[in-house]
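Participant: One structure, pasted below without further comment.
Taken together, the values in this text are just the output of simple stated rules run on the coordinates, not laboratory data. Computed from a prediction, not measured in an experiment: that's the story for all the values here. Note that each Cβ is placed from the backbone with ideal geometry, even for glycine, and that neighbours are counted across all protein chains shown.
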2 protein chains.
Amino acid sequence: MQIAILVFDGLTALDAVGPSEVLCRLPGAELRYTGKERGPVQTETGPLRMFADHTLDEVTEPDILLVPGGMGSRPLLRDEEVLEWVRSVHERTRWTTSVCTGSLILAAAGLLDGVRATGHWLQMERLGSLGAVPTGERVVREGKIITAAGVSSGIDMALALVALEAGDAVAQAIQLSIEYDPQPPFDAGSPEKAPDQIVELVRERAAAREPAS
Amino acid sequence: MQIAILVFDGLTALDAVGPSEVLCRLPGAELRYTGKERGPVQTETGPLRMFADHTLDEVTEPDILLVPGGMGSRPLLRDEEVLEWVRSVHERTRWTTSVCTGSLILAAAGLLDGVRATGHWLQMERLGSLGAVPTGERVVREGKIITAAGVSSGIDMALALVALEAGDAVAQAIQLSIEYDPQPPFDAGSPEKAPDQIVELVRERAAAREPAS
């Protein structure tokens, strides 16, 4: 079971590492961190770097594709090399998945035209403008495409994916192995639950960071 | 606010990346991935590699120390260079923290003698044998030492830490930014909640992976 994880400068590390921590425990899984070039990529998560161990042309038939997000997803929306790779591998995947603004990349590749999908709550409008039918759900499965909401949601998505591939018991064993019994100190993890002024604060700061185009 | 994250071969990536995703958003935070040697480290998370950008002798007065776990923590329990560094930086930290079996390293360094602490549920007995007073709580704060349970708990711990350092609103804004509104598909994230046969399965597999000594 080959799992390709697209990595690029400016990805949000947890988008990739949350699902990785789950999927690396799937029996028979072979994770491939795949980028335009082999070598280190600079994540958006502080100074944290990750590695692309494989180039796009080396990973042509993954069983699962995982596309993370982050500010670095924005240039990829116009990167035909990456979009063509996404389209191409999607033809033969068992599952094509995204976390956070990774769904923008799937949409830009044309995979989400008229398809219900999710992504980071701040980017739902853009997701719709790229042809998808945005929904605020945390994990959305439409056929073999599974999209997840912002950043941390990739853990939930990956557990659901493991259950689909290997059954509930395997997913539960992995959940227990990573002791995923979340107890956030606040209930502010979605725009519906966070105080209004917090939502506005995060919205304003995010808008200031978006590229002009 | 300098935050030192100890990285080493065999660390569990999510132990470090979960808190990193939270702490990199703390205003004024400067994350320093610190290892015995500068360069790539091989995590326990599939083929995923991370980087040590700093060596131990370059990071002598971090405000926050974060020690992740993973099978790679075991050799460090007898690594006097690392243990002495942990003891030394702990003298001046504002917060000394661990995720998962990172608490074994804190204990081996002598920081947890008689101190209530937590860690991965499979390693509570060993945590006790190293002098700590193990508790099954997800996040345990004793003075300036904060220990967290297995792997995914570092996200909860880091949000609690941000609240202590910068207030509830900042922590809530970060929680919303990473859309941490967990919705695991199962309720199997702790040994109390998972089905008995799943607990036994995970226990047996983990025992088979432990080094003999």
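Participant: How about region A:79-113: which GluC sites (Glu not before Pro) there lie in a loop by DSSP and see at most 15 other Cβ atoms within 10 Å? Could the numbers behind the result be given before it?
Facilitator: Details: sites: A:E80, A:E81, A:E84, A:E91; in loops: A:E91.
When the GluC sites (Glu not before Pro) of region A:79-113 are filtered for loop state and at most 15 Cβ neighbours within 10 Å, A:E91 remain.
Participant: Within chain A, which is the longest segment that contains none of the trypsin sites (Lys or Arg not before Pro) sitting in a DSSP loop with at most 12 other Cβ atoms within 10 Å?
Facilitator: Values: sites that count: A:R78, A:R92.
Free of exposed loop sites, the longest segment is A:93-213.
Participant: Also, quick follow-up: Per DSSP H run of at least 4 residues, take -39500 (n - 2.57); add these up for chain A, divide by its residues and hand me the 222 nm value, nearest 500 deg cm²/dmol.
Facilitator: For chain A, the value works out to -10500 deg cm²/dmol.
Participant: Can you list the equivalent-ellipsoid semi-axes of chain B, largest first and in whole Å, using the square root of 5 times each Cα gyration tensor eigenvalue?
Facilitator: Working: eigenvalues 113, 93, 58 Å².
Computed over chain B, the values are 24, 22, 17 Å.
Participant: How high is the relative contact order of region A:2-184, in percent, with contacts defined as C-alpha pairs under 8 Å that are six or more residues apart? Kindly include the intermediate steps, with their values, before the conclusion.
Facilitator: Values: 412 pairs, mean separation 38.0, N = 183.
Once normalised by length, the contact order is 21 percent.
Participant: Here is a follow-up. Cross-link candidates for B:K36: which lysines have Cα within less than 29 Å, leaving aside residues fewer than 8 places away along the same chain?
Facilitator: Here the lysines satisfying the reach criterion relative to B:K36 are B:K144.
Participant: Right, another one. Would you work out the charge dipole size for the protein assembly as shown about its Cα centre, treating the Cβ of every Lys and Arg as +1 and the Cβ of every Asp and Glu as -1, and quote it to the nearest 20 debye?
Facilitator: Working: 38 positive and 62 negative charges, 0 e Å.
It works out to roughly 0 debye.
Participant: Among A:L201, A:S129, A:T101, flag the residue with its Cα farthest along the positive direction of the charge dipole of region A:77-213, charges on Cβ as +1 for Lys/Arg and -1 for Asp/Glu.
Facilitator: It is A:S129.
Participant: Once you list every other residue whose beta carbon is under 12 Å from the beta carbon of B:P19, what net charge do they have if Lys and Arg are +1 and Asp and Glu are -1? Show your work: numbers first, answer last.
Facilitator: Values: positive: B:R25; negative: B:D15, B:E21, B:D156.
Computed value for this residue: -2.
Participant: By count of other Cβ within 10 Å, fewest leading, how are B:H54, A:H120 ordered? If you can, show how the numbers build up before the last one.
Facilitator: Working: B:H54 18, A:H120 28.
Sorted ascending by nearby Cβ count, the order is B:H54, A:H120.
Participant: A follow-up question, please. Along the charge dipole of chain B, Cβ charges K/R +1 and D/E -1, which of B:G150, B:P211, B:T12 sits furthest on the positive end?
Facilitator: B:P211
Participant: Continuing with this model, one more query. Under the definition of partner shielding as Cβ atoms of other protein chains within 10 Å of a residue Cβ, what is the mean value for peptide A:48-59? Intermediate results must be reported in sequence, preceding the final value.
Facilitator: Numbers: counts 12, 6, 8, 7, 0, 3, 1, 0, 0, 0, 0, 0.
Average per residue, whole number: 3.
Participant: Loop-only check: which GluC sites (Glu not before Pro) in region B:1-76 are DSSP coil with at most 16 other Cβ within 10 angstrom? Provide the component values of the computation, followed by the final result.
Facilitator: Values: sites: B:E21, B:E30, B:E37, B:E44, B:E58; in loops: B:E37, B:E44.
When the GluC sites (Glu not before Pro) of region B:1-76 are filtered for loop state and at most 16 Cβ neighbours within 10 Å, B:E37 remain.
Participant: With +1 on each Lys and Arg Cβ and -1 on each Asp and Glu Cβ, how big is the dipole of chain A about its Cα centre, in debye rounded to the nearest 20?
Facilitator: Details: 19 positive and 31 negative charges, 30 e Å.
Here the size comes out at about 140 debye.
Participant: Mind checking the mean number of beta-carbon atoms from other chains within 10 Å of the Cβ atoms in B:89-100?
Facilitator: Numbers: counts 0, 0, 0, 0, 0, 0, 0, 0, 0, 0, 1, 2.
Shielding by partners across B:89-100 averages 0.
Participant: What number comes out for the charge environment of B:A109, summing +1 per Lys or Arg and -1 per Asp or Glu over other residues with Cβ under 14 Å away? Mind showing how you got there, number by number?
Facilitator: On the way: positive: B:R78, B:R87; negative: B:D79, B:E80, B:E81, B:E84, B:E91, B:D113.
Neighbourhood net charge equals -4.
Participant: Let me ask something else about it. How far, in nm to one decimal, is B:R38 from itself in the other copies if the label point is set 7 angstrom along Cα toward Cβ? Shortest first, please.
Facilitator: 2.4
Participant: Convex hull over the Cα atoms of region B:33-145, averaged projected area in nm²? Walk me through the numbers on the way to the answer.
Facilitator: Numbers: hull surface 26.6 nm².
Computed as one quarter of the Cα hull surface, the answer is 6.7 nm².
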